[in-house]
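A short worksheet on the structure shown next.
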Ligand code: 6PG
């Protein structure tokens, strides 16, 4: 695992989204030029939605994109709390990515059945070209929460008792999320200052356990940064 973590402080959440969209489109071009396909893992939660809205207005070779999800909440597919639905509304319903290229986690099946089913598309896709992730206020990422231990060899985990509702979820494992050419983590807002400081201080938070061959790029805004990293205007 390449342990280098590169920290990028942007002016605000809008600047983080612009930079994240630029990096995703650039990674797609590179992967498609090299291998004809771009395999990306999509972050859940609210933070990436601004980036997804920018991507919905971008020009790209969408037919060569293959999309996977970092985690999902065990809710019906049309529930607004589903990461797959929020991502579709913000981006995927607005661009011509072929439906077979989009791999939502079938979390409506329940955590165990969905985790078992999702191992197949994940194992067929590794290594991913780009993994995108968010981070929670307790330092969780995807649905890998502090204090929850999972078999390290698994590619996907059923999650129960998640401290962030809903309690039942499915998550890609640290192993699968780390099997990537590039990893980008987004965190914005003052509420993320604490876990970022703990991460940089070496606390073994779940978010700190993700690392791929190309290292990790962390995009944060000034509110999340506080005085952590010197910010050059
Ligand atoms: C989820 C996410 C989760 C998210 C963080 C940050 O399904 O809830 O995958 O890991 O990235 O909780 O969430 P926000 O971006 O909404 O702050």
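We did not get these values from a lab; they are worked out from the coordinates using the rules stated. Just so we're clear, the structure is a prediction, and the values are computed from it rather than from any experiment. Every residue, glycine as well, gets a Cβ built from its backbone with ideal geometry; the counts of neighbours run over all protein chains shown.
Here are a few things to note about the model shown:
- Annotation: peptides 71-83, 96-108, 177-189, ranked by per-residue average of other Cβ atoms within 10 Å with the highest first, follow the order 177-189, 71-83, 96-108.
- Most tightly packed first, judged by the mean number of other beta-carbon atoms within 10 Å of their residues, the peptides 32-40, 45-53 read 45-53, 32-40.
- Taking a ≥ b ≥ c as the square roots of the eigenvalues of the alpha-carbon gyration tensor, the chain is classed rounded because a/c is under 1.5.
- Based on C-alpha pairs under 8 angstrom that are at least 6 apart in sequence, the chain has a relative contact order of 27 percent.
- For the chain, calculated [θ]222 nm from helices alone, where every DSSP H run of n ≥ 4 adds -39500 (n - 2.57): -9000 deg cm²/dmol
- Applying 0.36 nm per residue to the separation of residue 117 and residue 203 and subtracting their alpha-carbon distance, the gain on full extension is 27.7 nm.
- Pairwise FRET efficiency - residue 109 versus residue 78, Cβ, R0 = 22 Å, nearest 0.05: 0.90
- Contour excess over end-to-end distance, with Cα ends at residue 26 and residue 58 and 0.36 nm allotted per residue: 10.4 nm
- For segment 124-198, the square roots a ≥ b ≥ c of the C-alpha gyration tensor eigenvalues yield an a/c of 1.5 or more together with a/b not exceeding b/c, which makes the shape oblate.
- Ranked packing of 122-132, 148-158, most packed first, by mean Cβ within 10 Å: 122-132, 148-158
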